[in-house]
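The structure appears below as structure tokens.
The values are calculated or read from the model by the stated rules, or taken from the named source; none is laboratory data. Quantities reported herein were computed from a predicted structural model and do not represent experimental measurements. In this analysis, Cβ positions are derived from the backbone assuming ideal geometry, glycine residues included, and neighbour counts consider all displayed protein chains. To get the accessible areas, we keep the full protein, side chains included, count just its heavy atoms, and leave off ligands, DNA and RNA. Shrake-Rupley method; radii C 1.70, N 1.55, O 1.52, S 1.80 Å.
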Amino acid sequence: MNGRIFKIAANDYEVHAGEQVWHCRFRGKMKLERGNALKLAAVGDYVEFVPGDEHQGTIEKVVERRSRLSRHDVLKPSKEQVIVANVDVLFVVQAAKDPDFNLGIVDKCTVMAAANRLPLVIVVNKSDLAQPDVSLYEKAGYKVIRTSARTGEGVEALRGFLKDKTSVLMGPSGVGKSSLLNALDPELALKVGAVSKRGEGRHTTTWVELVPMGGGLIADTPGMEFFTLWGVTPENLKDHFLDFVDLADGCRFRNCSHIKEAGCAVKGHVAESRYENYLDLLDKLISQRRDR
Ligand code: GDP
Ligand code: ZN
């Protein structure tokens, strides 16, 4: 049978096949072949499994991923850990006010999206409170949706984006993520809330799960503090600021890092906040490399 992993707890892979839920394990041989059980598959993977008694099953094969969102493995930072497999779109939720729209977080998310080759949608919630100018992101090619969980503004537009897709929702606490999910589907939002509040135990693998929402699947995670920029180095960071890449053709030097080079077509030609956040992320990546 074919199914999809919605949740992983220790060696128990919760596989959904249509309306049915199966609790699966990997065949012993595959385990040996692929090493650590936690790395066998990720939430979001499509699998082929052999059904057994009482909705237990054995996974025979993991289907090749079309995409993934990864981070550095917590225990072995040199290794990739897939957070969710087969992702279609990333969302970053920010508040228009209370707390203030955080450009630093949004810029980090644009890099994360680029590094994982995924589209990013920026959700500005609490639009009933303020109208921050986010045109710099619209100009850079990002889709922005203004919502209010309070008035219902934009909730249908958000639903349209979730439909038939696997989405990962990011955003710090307090921006109204739970309220938005509640506006989309009050019944399922309770379940999502339970995931968020569980937090991340170092050795648990239940910290992310897929939940049906808005006609698609949302991967809710406890918090984006745990997301690192897999695949991003001090050298290639500039390539993950996609709006910089467009301008970089005009730089005098090929491979210009847009820092001190003469004839740079990026420095001074992009939004100042975004340029500052580029330098900040660069500093962080350099010091992380020292620490690792
Ligand atoms: P979360 O931590 O991101 O899940 O945020 P919550 O959904 O718990 O919301 C945090 C606070 O913001 C609560 O007091 C909500 O009532 C409030 N809130 C959420 N969405 C909106 C909104 O669209 N407009 C306004 N004015 N307040 C909101
Ligand atoms: Zn340059």
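The angle between the Cα long axis of helix 272-291 and the main principal axis of the chain comes to about 60°, on a 0 to 90 degree scale. Legend: residues 107, 249, 100, sorted from most to least accessible area (1.4 Å probe; ligands, DNA and RNA excluded), read 249, 100, 107. The slack between residue 97 and residue 64, meaning 0.36 nm per residue of separation minus the straight C-alpha distance, is 7.7 nm. Cα centroids of segment 138-174 and segment 256-292: 28 Å apart.
Within the listed set 28, 160, 44, the residue fluctuating most in the Gaussian network model of the chain (springs between alpha-carbon atoms under 10 angstrom) is 28.
Between the beta carbons of residue 156 and residue 235, assuming R0 = 35 Å, the FRET efficiency works out to 0.25 to the nearest 0.05. Calculated FRET efficiency, residue 133 to residue 48, Cβ-Cβ distance, R0 = 51 Å: about 0.55 to the nearest 0.05. Helix 186-198 versus the longest principal axis of the chain: what is the Cα-based angle in degrees, 0 to 90, to the nearest 10? That helix lies at roughly 80 degrees to the long axis.
Per-residue ellipticity at 222 nm for the chain, helices alone: DSSP H runs ≥ 4 residues times -39500 (n - 2.57), over residue total, nearest 500 deg cm²/dmol? Write out the running numbers ahead of the final one.
On the way: 8 runs with 81 residues, N = 292.
-8000 deg cm²/dmol, from helical runs alone.
Accessible surface computed residue by residue for the chain, with neighbouring protein chains in place and a 1.4 Å probe, gives 50 Å² per residue.
Full-extension gain between residue 253 and residue 287, please, as 0.36 nm times their residue separation minus the C-alpha to C-alpha distance.
9.7 nm
Which is the longest run of the chain containing none of the GluC sites (Glu not before Pro) found in DSSP loop states (not H, G, I, E, B) with at most 12 other C-beta atoms within 10 Å? The reported range is 65-234. Computed from Cα positions, the angle between helix 103-115 and the longest principal axis of the chain comes to roughly 60 degrees. Loop-resident trypsin sites (Lys or Arg not before Pro) (DSSP state other than H, G, I, E or B) in segment 1-109 with no more than 12 further Cβ atoms inside 10 Å of their Cβ: 66. Dividing the Cα radius of gyration of the chain by its Kirkwood radius returns 1.00 for Rg/Rh.
Here the spin labels are modelled as points 7 Å beyond Cα on the Cα-Cβ line, and at residue 56 and residue 21 they lie 1.8 nm apart.
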